[in-house]
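For reference, the structure is listed below as structure tokens.
The values are calculated or read from the model by the stated rules, or taken from the named source; none is laboratory data. Computed from a predicted model, the values in this text were never measured in an experiment. With ideal geometry, Cβ positions are generated from the backbone for all residues, glycine too; neighbour counts draw on all protein chains shown.
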Amino acid sequence: MVEITTSYEGGLRCKSIHGPSGVTLETDAPIDNNGKGETFSPTDLVATALGSCMLTIMGIVADRRDIQLDGLNIQVGKIMSEDMPRRIAKLPVRIDMPLSADSPLKDLFINAALTCPVHQSLSGDIEIPIDWVWN
């Protein structure tokens, strides 16, 4: 089990400490929710977690097969709901793949991205459209 300890610092800012490494991370409430928006918001971290998890799992698959993925890039947007309760409604994803669209490895990497633990853990109520750009 990994423990993350979070403390409220005031001014809608929180500081979290990653137990195993001691690395800290701060969050702010976003501007559209009474915050300063000076750093990641908690919901920004959900989008960040999705993108980094997808890339990590794709990287693991590539490493196991000695495949180079230089140029692999992901962008994740975050769209909040307009109704209440406030929640993430959509996480549009764009993945720039350094492989051609006719690569025999295409399905392998699509499956890797879709089976990352964060993607598998997010609610089905969150739309996650994925735009694959094959180079």
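If I ask for residues that are assigned to a loop (DSSP other than H, G, I, E, B) and under 26 Å from SER81 (Cα atoms), which ones from region 1-44 would you list? Steps first, please.
The initial filter retains those residues of region 1-44 that are assigned to a loop (DSSP other than H, G, I, E, B), namely 1-3, 11-12, 19-23, 29-30, 34-41.
Within region 1-44, GLY11, LEU12, ALA29, PRO30, ASN34, GLY35, LYS36, GLY37, GLU38, THR39, PHE40, SER41 meet the criteria.
List the residue pairs whose Cβ atoms are under 8 Å apart, where the first residue sits in region 1-23 and is touching a residue at least 12 places away in the same chain (Cβ under 8 Å) and loosely packed, with under 10 Cβ neighbours inside 10 Å, the second is assigned to a loop (DSSP other than H, G, I, E, B) and not β-branched (Val, Ile, Thr), and the two are 6 or more positions apart or on different chains.
Taking only residues 6 or more apart or on different chains, the pairs are VAL2/GLY19; VAL2/PRO20; GLU3/GLY19.
Tell me, which residue of region 70-98 that is in contact with a helix residue (DSSP H, G or I) (Cβ under 8 Å, 6 or more places away or on another chain) and surrounded by fewer than 17 Cβ atoms within 10 Å (Cβ to Cβ) is nearest to ILE126 (Cα to Cα)? Before you say what the answer is, go through the steps one by one.
Keep residues of region 70-98 that are in contact with a helix residue (DSSP H, G or I) (Cβ under 8 Å, 6 or more places away or on another chain), which gives 72, 74-78, 80, 86, 88, 91, 93, 95, 97.
Those still in the list that are surrounded by fewer than 17 Cβ atoms within 10 Å (Cβ to Cβ) too: 75, 77, 80, 86.
Details: GLN75: 17, GLY77: 12, MET80: 10, ARG86: 12 Å.
Among them, the one singled out is MET80.
Given the condition assigned to a helix (DSSP H, G or I), of a type outside the set (A, V, I, L, M) and either more than 13 Å from the chain's Cα centre (by Cα) or not assigned by TED's automatic domain parsing to the domain that holds ARG65 (or both), answer yes or no: does some residue in region 111-124 qualify?
So in region 111-124, the residues assigned to a helix (DSSP H, G or I) come out as 111-114, 117-121.
Then keep just the ones that are of a type outside the set (A, V, I, L, M); that gives 111, 117, 119-121.
In the following step, the residues that additionally are either more than 13 Å from the chain's Cα centre (by Cα) or not assigned by TED's automatic domain parsing to the domain that holds ARG65 (or both) were identified as 111.
For region 111-124, residues assigned to a helix (DSSP H, G or I), of a type outside the set (A, V, I, L, M) and either more than 13 Å from the chain's Cα centre (by Cα) or not assigned by TED's automatic domain parsing to the domain that holds ARG65 (or both): present.
With the condition kept exactly as written, say whether any residue in region 54-68 is more than 27 Å from GLY11 (Cα to Cα), basic (Lys, Arg) and assigned to a loop (DSSP other than H, G, I, E, B). Talk me through it step by step, then tell me what you get.
Step one: list which residues in region 54-68 are more than 27 Å from GLY11 (Cα to Cα), which gives 54-68.
Now narrow it down to the ones that are basic (Lys, Arg): 64-65.
In the following step, the residues that additionally are assigned to a loop (DSSP other than H, G, I, E, B) were identified as 65.
Yes.
MET84: touching a Cys at 6+ places or on another chain (Cβ under 9 Å) and either on the phi < 0 side of the Ramachandran plot or assigned to a loop (DSSP other than H, G, I, E, B) (or both), yes or no?
Numbers: touching a Cys at 6+ places or on another chain (Cβ under 9 Å): no; either on the phi < 0 side of the Ramachandran plot or assigned to a loop (DSSP other than H, G, I, E, B) (or both): yes.
Taking the combined requirement at face value, the residue does not satisfy it.
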